[in-house]
1. Could you tell me the distance between the Cα centroids of region A:58-107 and region A:123-165, to the nearest Å?
2. Where Rh denotes the Kirkwood radius from the mean inverse Cα pair distance, what is Rg over Rh for region B:148-231?
3. Between the helical axis of B:256-273 and the dominant principal axis of chain B, each derived from Cα atoms, what acute angle in degrees is found, rounded to the nearest 10?
4. Can you give the FRET efficiency to the nearest 0.05 for residue B:334 and residue B:59, using r as the Cβ-Cβ distance and R₀ = 51 Å?
5. In peptide A:42-55, what is the residue-averaged number of other protein chain Cβ atoms found within 10 Å of each Cβ?
6. What is the mean number of Cβ atoms from other protein chains located within 10 Å of the Cβ atom of each residue in peptide B:95-103, rounded to a whole number?
7. Once you have all Cα-Cα distances for region B:285-355, histogram them in 5 Å bins from zero and send the whole-percent values.
8. Run the numbers on region B:148-231 and let me know its relative contact order in percent, using alpha-carbon pairs under 8 Å that are six or more apart.
C-alpha cells in the first residue's frame, strides 16, 4: 500500500494512505483525546474531542475521520485546539448528572478521565437546562440511564456494523 | 428564491441539470425539494414529464444515445438537509445528518458514487452561460465575483420580493434604489444577509460592494441571498436570539458543539433579552460562538454563531444596555419595556379603563400615572391612548 508522509506537531510521520490523522498519530505515539471514536467501529466524527488543526483548512477537523495526505501539516495541541476541546467537555458536562461520586462508572469513565486530563473541574453552564430522562430498569439484563448518555453513537454503530442488527437509532435532536 | 425558480421556470433547472449530467457522464439526477413547496413539486413533475415527452430527458435524448433520468425527492423541511452530505443521506433514506468531508461528494457522494451537487440557482444559470458565453456572464459583476445574484428582500423595506442584481453592487443600492428604502420612513438599523446563519451588518457597511470576498471580510456570507432589512425598532439582541432559536432547533444533534453549544447561546441570549444578563455573559457568548464555529462538524454549526458574533461586533452597545441598564434601546424586548405617560396626557382615562391589571391611576383631566412595579407591560395603554401620550422606553 502506498505510504504518505505528513508532519504532526513537527514530527515527520509515515502512514499508509487511507489512514486517518488519528490512526497516523497513534501509530507514532502522539496522543489525541477521543470519545465517540472506537478502534473497532466506523468513525463518525460526532463528539469533536479529536479535533486538530490542519494547515490550509479553515476550521478544526475531526482527526478520526480526516484522511492523511502527503505533505499535510497537523498540530494536535495548539491553544485553539485546547480551547475548543475544553469547550466540548464543558458542554457535555453541562448536560450530564453531577453525581460522579455515586455513579457506578466512577473511576472507569472515559468522560470523567478526559475532563480530569484536561483540567476541567467545573463548567460555565451550571445555570443551563439539563435534559431529564426516566431511568429505565425494566429490562432484567440491562439498565439504561439515558441522562448519562453523551450521544456518542457507539451503541448504534456496534449494533449496526458489528452485530448487524441495526436495532438502535437516534431519536430527536438533543435539545 | 429557489422556490420561485422551481415554480416559475422549472425547465431552466432541468436544462442545467441535463447539461451537467452530460458533462460528467451521469445518467441519474435528483431534485431535492421541500415537501412544503407543493406547487414547486407539482410543476417540476409536469416539467419533467414535458421534457421527457419532447425527448430532452429520459432515454436516448434527442437521438444521442444518452440517457438522463431525473427524479424528485421530497424533503421533510429540515434546514440541515441543505448541507450537501445531509441532503445525500436524506435522499438515501437515512436520517438527514451530515458527515465530515473529505471524502467530498465529488468523489464519494450519493450511494457512494461521485456526485455533482449544486444549488437550484446555479443550475438555472447554466444554459444561459452556454448560450451566450462565459464572457457575457463575466461582464456582469466583478472580476472575483462575476455574474449576478438573486436576493430575497424582506423585512422593514418598501418593496419586498426578489431582485437579481450584478455582483459588486452596494447594499445601499439594493435597499434604497431597488427596495425603495425603509418602511414608514423609519431609520435603517441593520441588514441581515445570507439566511438564518448570516451576519447583521450596520449602516456603516451599506456602501460595501456585495461580493463573496467582501462579505467574508466583514464576517458575513452570501449564503441563500436572503436580505432581512431592520429598522430602528428592531432590537439586535432579540434578532440574534431569534436566529439562534432557529439554528438551535434545526441542529441535527450529531456533534457536541452545535447540539449543546447553540442551546447554551440561546439560553444566554434569552436571559439578556429578559434583563437577567450579566457582563460575563457577553464574554461567554463570544467564547461559545468562536468555538462552535471552529469545532462543529458541518456548515450549520460553523455558521450558526454568525448572527451572534456580528451583532456583538457591530451593536455591542445594545447588548451592554440590556445587561447594565436593563434597558432595550429599540423598545422591542417586552420584559425590559416600560410605559411612561408623558405631559401630553389629557386625563381622558382611556388607559386606566383599558388596563387589564388596573395599575393606572389619575383624576379626570389630570395627568395619569402607571405603577411600574405592578405593570405587566402588555402595551394596552400604549396602543389605546388617543393622544399618543404614552411612550415606550
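Read the figures in this text as sums done on the coordinates, not as results from a lab. Remember, it's a predicted structure, so these values are computed and weren't measured experimentally. When we count neighbours, we look across all protein chains shown, and the Cβ atoms used for this are built from the backbone with ideal geometry, even at glycine.
1. 19 Å
2. Numbers: Rg = 11.2 Å, Rh = 12.2 Å.
Taking Rg over the Kirkwood Rh, I get 0.91.
3. With rounding to tens, the tilt is 30 degrees.
4. On the way: r = 61 Å, r/R0 = 1.20.
After rounding to 0.05, the efficiency reads 0.25.
5. Working: counts 0, 2, 6, 8, 10, 5, 14, 2, 0, 6, 0, 1, 0, 0.
Across the residues of A:42-55, the mean count of other-chain Cβ atoms within 10 Å is 4.
6. Details: counts 4, 0, 5, 1, 5, 10, 4, 5, 2.
Rounded to a whole number, the mean comes out at 4.
7. For region B:285-355, the binned pair fractions read 3, 13, 15, 13, 12, 11, 9, 6, 5, 5, 4, 2, 0 percent.
8. Relative contact order comes out at 38 percent.
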